[in-house]
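Scroll down for the structure; my scribbles are underneath it.
The values are calculated or read from the model by the stated rules, or taken from the named source; none is laboratory data. All of these numbers come straight from a predicted model, not from anything done at the bench. Every residue, glycine among them, receives a Cβ derived from its backbone with ideal geometry; neighbour counts consider all protein chains shown. Surface accessibility is based on the protein's heavy atoms, side chains included, excluding ligands, DNA and RNA. Shrake-Rupley method; radii C 1.70, N 1.55, O 1.52, S 1.80 Å.
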Amino acid sequence: MVDIAELEFAVVDLETTGFSPGRGDRIVEIGVVRVGGDGRVLREWTTLVDPGRGVGATQVHRITARDVVGAPRFADIAGELAALLAGAVVVAHNASFEQRFLEAEFAASGIGMPIVPALCTMRLAKAVGLDLDDHKLGTCCTYFGLEFPDAHAALADARVTARLLPLLLASAGARRLVLGARPCEAPAYPAFQGRLRPRRGFEPVEAGRA
C-alpha cells in the first residue's frame with residue numbers, strides 16, 4: 001500500500017471519433033491534468049489530434065474537421081504524452097475506455113506506453129456506494145456540487161475529474177492505495193518539437209495560476 005500523499009496522479013480524458021479502436025476509431029483530443037496527492041495541480045496539457053480520418057460525432061465533442069487541420073498526429077506527441085503519464089497513477093472516469101484507445105494509439109505509433117497503475121473514478125464512485133441513479137461523470141459532479149459546464153471537452157473533463165478524485169477518496173476514507181505496480185519513470189522520450197493545438201477556450205493554465 002502507498003500513502004496517497006506520496007503519489008502523483010495523471011488525470012486523463014479523451015475525445016474520440018467513436019467507441020472502438022478495433023474498428024478504426026481514433027483519438028481527436030487529449031486532456032491531462034497532473035496533480036499531487038493533496039489535489040494540487042502540477043501541470044495541465046492538452047491538444048487536438050489529427051486522427052487521419054473523419055472526426056466522428058461533432059455533435060457530441062464539438063470538434064470539426066477544420067479544427068484538426070494542422071494539429072499533430074498521435075505519433076508526433078506520443079513520446080511527450082508518455083513522459084507526462086510516467087511516474088503517476090493514471091486516472092480517468094470509465095478508465096477502461098481511455099486505456100483501450102491509449103494502448104491502440106501507442107502501439108500504432110511504435111512508442112511503448114509506460115506501465116502505469118490506473119484508477120477509475122467511475123468504479124470508485126460505485127465502490128463508495130453513492131446514492132446515484134447512475135455513475136456518469138456529470139451525475140457524480142452534481143452529487144458533490146461541482147460545476148461541469150463544458151462536458152466533452154477533454155481538458156474540461158480532466159479538470160473536473162481531478163477535482164472529483166479527492167472527494168471520492170475522502171468518501172471512501174482512503175489514505176493509502178493498493179497498486180498493482182509502483183509508478184515508474186519512462187525512458188527519456190524527446191519532446192514534441194512542433195506546436196500543440198489546444199481547443200480554443202481550453203488552453204492549459206500554468207501551474208500555480210489555476
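Assorted remarks:
- Residue satisfying condition, being touching a helix residue (DSSP H, G or I) at 6+ places or on another chain (Cβ under 8 Å), closer than 25 Å to residue 112 by Cα and of a type outside the set (Ser, Thr, Tyr), within set 204, 198, 183: 198
- Residue 159 falls short on exactly one of the conditions (1) assigned to a loop (DSSP other than H, G, I, E, B); (2) under 22 Å from residue 47 (Cβ atoms); (3) among the basic types (Lys, Arg), and that condition is (1).
- Flag if residue 56 is within 24 Å of residue 192 (Cβ to Cβ), loosely packed, with under 15 Cβ neighbours inside 10 Å and over 18 Å from the mean Cα position of the chain (by Cα): no
- Any hit, the stretch 172-179, residues being free of Cβ contacts under 8 Å to residues at least 40 places away in the same chain, farther than 22 Å from residue 86 by Cα, open to solvent by less than 70 Å² (accessible area, probe 1.4 Å) and touching a Gly at 6+ places or on another chain (Cβ under 9 Å): no
- Pairs, first touching a residue at least 40 places away in the same chain (Cβ under 8 Å) and surrounded by fewer than 21 Cβ atoms within 10 Å (Cβ to Cβ) in the stretch 80-99, second among the small types (Gly, Ala, Ser) and part of a loop (DSSP other than H, G, I, E, B), C-beta under 7 Å, six or more apart: 80/191; 82/186; 83/186; 86/186
- Residue match in the stretch 145-161 (condition: modelled with pLDDT of 95 or more and surrounded by fewer than 14 Cβ atoms within 10 Å (Cβ to Cβ)): yes
- Helices (runs of 4 or more DSSP H) wholly inside the stretch 45-136 containing at least 3 residues that are closer than 27 Å to residue 190 by Cα: 74-85, 95-109
- In the stretch 1-29, the residues that are at pLDDT below 95 form Cβ pairs under 7 Å with partners that are small (Gly, Ala, Ser) and open to solvent by 30 Å² or more (accessible area, probe 1.4 Å), at six or more places apart or across chains, as follows: 4/174.
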